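In what follows, a structure is listed as structure tokens, so that the remarks can point back to it.
The values are calculated or read from the model by the stated rules, or taken from the named source; none is laboratory data. This one's a predicted model, so the numbers in the text were calculated from it and none came from an experiment. Here Cβ is always computed from backbone atoms with ideal geometry, including for glycine, and neighbour counts include all displayed protein chains.
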Amino acid sequence: MRVNTRPSLDRNSDAEQSTVIPYRRDDDAGVDGSGPRPIVVPHAKCGVVIVSYRTGSVLLDCLHSVLAQPVVSHVVLVDNGNDPATRGALTELTSHDDRLEIIVGHGNVGFSKGCNLGARRISAEYLLLLNPDSHMGEGVLAEALRAFETDPEASAVTVRLENPDGSEQRGGRRNLLTPWTSLVEQFRLDRLMPDHPHFQRLNLNETEPLSEITEVECISGAFMLMPKQVFDDLGGMDEDYFLHVEDIDFCMKIAKADGHILYVPHVSVTHEQGTSRVYQTFVEWHKARSAVRYFFKHFQPQYPTFLLRMIAVAIFTRFTIRLLPQTLRWLAQSLSSKT
């Protein structure tokens, strides 16, 4: 069933603190009869929210692919911080299409708050949260929307996320993150009892590929498609997550509201990952902080506090161990780029 458990997002002053830049479309552009063959698409329209921070030129490719989808009625790019060259290219790219608007001037507010900020601008029936380093082929979004025709009560839909080499990407379909599934994944306890349902891995990309639309527990925020009402009813993304784990948290909210998520294996999107030019330790810090917040938010009081604190210590210890090599690698890359 579709979730309907919480009030809609508060349309507050976040939008007032940003600048919304609309763009006009040249109505004569591309009307020469030589375009690609028509695609039969669902009647439903979809709004797309993309949050970008120092993403680089891959963002332009992403926008090209999104605006080429006939079912897209509105695209909101939340610019958390891009260089002047990228912003200039965006202006040139989007000056021909009035479906696109850019929200700027709010600084780097993180992924969750950026998604909420963009979603407040969407009035379409469906909402797609899409990473800026993703690329969709012809008709991908229309085909993904058809999953709701087969299961109108689905809360969210995703497609096969692929690496640039065509392999299935880690995190695209997975079980919900719990203290136990985290332990199984970290120490590969699934190898002890590979067929036991309680020893399943967190990430499922290395399991047998699926051949039909299947219900999964958790998906990636890189491609998260849902009825806009579901997003609103669940209160949007939890803004206490600055970066990472917010998509897992959202899937947990769907599960707690008795909703369900569909994975569409015959439709794929390429997701490059790691294209933002950001100090990796900054990313790892927020990943660790978000994971600790998630465990304390969702697993009290069923897990003892001392156990959750032990998990937190383990997470931050892992972050500390990885800090030195990451810092050295970053320094080496910085020095090489200057020579």
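So which residues in region 194-227 are of a type in the set (S, T, Y), out of contact with any Pro (no Cβ under 8 Å at 6 or more places or on another chain) and under 25 Å from A142 (Cα atoms), if there are any at all?
Just the residues of region 194-227 that are of a type in the set (S, T, Y), to begin with: 207, 211, 214, 220.
So of that shortlist, the ones also out of contact with any Pro (no Cβ under 8 Å at 6 or more places or on another chain) come out as 207, 220.
Within region 194-227, S220 is the sole residue that qualifies.
Among the residues of region 193-205, is there at least one that is more than 30 Å from P304 (Cα to Cα), surrounded by fewer than 20 Cβ atoms within 10 Å (Cβ to Cβ) and assigned by TED's automatic domain parsing to the domain that holds I102? Talk me through it step by step, then tell me what you get.
Quick first cut of region 193-205, residues more than 30 Å from P304 (Cα to Cα) only: 205.
Next, from what is left, pick out any that are surrounded by fewer than 20 Cβ atoms within 10 Å (Cβ to Cβ): 205.
Going one step further and asking which of them are assigned by TED's automatic domain parsing to the domain that holds I102, we end up with 205.
Checking region 193-205: at least one residue is more than 30 Å from P304 (Cα to Cα), surrounded by fewer than 20 Cβ atoms within 10 Å (Cβ to Cβ) and assigned by TED's automatic domain parsing to the domain that holds I102.
What is the residue count in region 185-202 for residues that are touching a Lys or Arg at 6+ places or on another chain (Cβ under 6 Å) and over 17 Å from A255 (Cβ atoms)? Break it down into steps so the answer makes sense when it comes.
Step one: list which residues in region 185-202 are touching a Lys or Arg at 6+ places or on another chain (Cβ under 6 Å), which gives 185, 190, 202.
Checking the rest, the ones that are also over 17 Å from A255 (Cβ atoms) come to 185, 190.
Qualifying residue count for the region: 2.
Any idea which of (1) at pLDDT below 95; (2) in a loop (DSSP other than H, G, I, E, B); (3) under 27 Å from L202 (Cα atoms) is the one L176 doesn't satisfy?
(1)
Across region 31-56, which residue is modelled with the highest pLDDT among those that are in contact with a Ser or Thr (Cβ under 7 Å, 6 or more places away or on another chain) and over 15 Å from L141 (Cα atoms)? Even if it seems obvious, please write down each step before you answer.
Going residue by residue through region 31-56, those that are in contact with a Ser or Thr (Cβ under 7 Å, 6 or more places away or on another chain) are 45-47, 53-56.
In the following step, the residues that additionally are over 15 Å from L141 (Cα atoms) were identified as 53-56.
Numbers: Y53: 93, R54: 90, T55: 89, G56: 83.
Among them, the one singled out is Y53.
One line per residue, one yes/no per condition, for (1) surrounded by fewer than 23 Cβ atoms within 10 Å (Cβ to Cβ); (2) under 17 Å from the mean Cα position of the chain (by Cα); (3) among the polar types (S, T, N, Q):
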residue	(1), (2), (3)
I50	no, yes, no
R54	yes, yes, no
L67	yes, no, no
G105	yes, no, no
S112	no, yes, yes
R120	yes, yes, no
Y126	no, yes, no
L145	no, yes, no
F148	yes, no, no
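Mind listing whichever residues of region 253-262 are surrounded by fewer than 20 Cβ atoms within 10 Å (Cβ to Cβ) and either of a type in the set (A, V, I, L, M, F, W, C) or outside any helix (DSSP H, G or I) (or both)? If you could, list the steps in order and put the result at the bottom.
Restricting attention to region 253-262, the residues satisfying the condition of being surrounded by fewer than 20 Cβ atoms within 10 Å (Cβ to Cβ) are 255-258, 260.
If the condition is that a residue be surrounded by fewer than 20 Cβ atoms within 10 Å (Cβ to Cβ) and either of a type in the set (A, V, I, L, M, F, W, C) or outside any helix (DSSP H, G or I) (or both), then A255, A257, D258, H260 are the ones that fit.
Against the condition free of Cβ contacts under 8 Å to residues at least 60 places away in the same chain and more than 30 Å from I122 (Cα to Cα), how does R188 come out, does it pass? Give the derivation first.
On the way: free of Cβ contacts under 8 Å to residues at least 60 places away in the same chain: yes; more than 30 Å from I122 (Cα to Cα): yes.
Judged against the criteria, R188 is a match.
Does region 214-222 contain at least one residue that is at negative phi, surrounded by fewer than 19 Cβ atoms within 10 Å (Cβ to Cβ) and either aliphatic (A, V, I, L, M) or in contact with a Ser or Thr (Cβ under 6 Å, 6 or more places away or on another chain) (or both)? Before you say what the answer is, go through the steps one by one.
Pass one, region 214-222, residues at negative phi: 214-222.
Narrowing further to those that are surrounded by fewer than 19 Cβ atoms within 10 Å (Cβ to Cβ): 214-215.
Cutting the leftovers down to either aliphatic (A, V, I, L, M) or in contact with a Ser or Thr (Cβ under 6 Å, 6 or more places away or on another chain) (or both) gives us none.
No, every residue in region 214-222 fails to be at negative phi, surrounded by fewer than 19 Cβ atoms within 10 Å (Cβ to Cβ) and either aliphatic (A, V, I, L, M) or in contact with a Ser or Thr (Cβ under 6 Å, 6 or more places away or on another chain) (or both).
With the requirement that a residue be in a loop (DSSP other than H, G, I, E, B), under 25 Å from I254 (Cα atoms) and touching a residue at least 40 places away in the same chain (Cβ under 8 Å), what does region 161-173 give you?
The initial filter retains those residues of region 161-173 that are in a loop (DSSP other than H, G, I, E, B), namely 163-167, 169-172.
Now drop any that are not under 25 Å from I254 (Cα atoms), which leaves 169-172.
Passing the criteria: Q169, G171, G172.
Restricting attention to region 81-97, and to residues there that are of a type in the set (S, T, N, Q) and closer than 22 Å to G110 by Cβ, which single residue is surrounded by the most Cβ atoms within 10 Å (Cβ to Cβ)? Reasoning before the result, please.
If we filter region 81-97 for residues that are of a type in the set (S, T, N, Q), which is where we start, we get 82, 86, 91, 94-95.
Checking which are closer than 22 Å to G110 by Cβ leaves us with 82, 86.
Working: N82: 22, T86: 19.
Result: N82.
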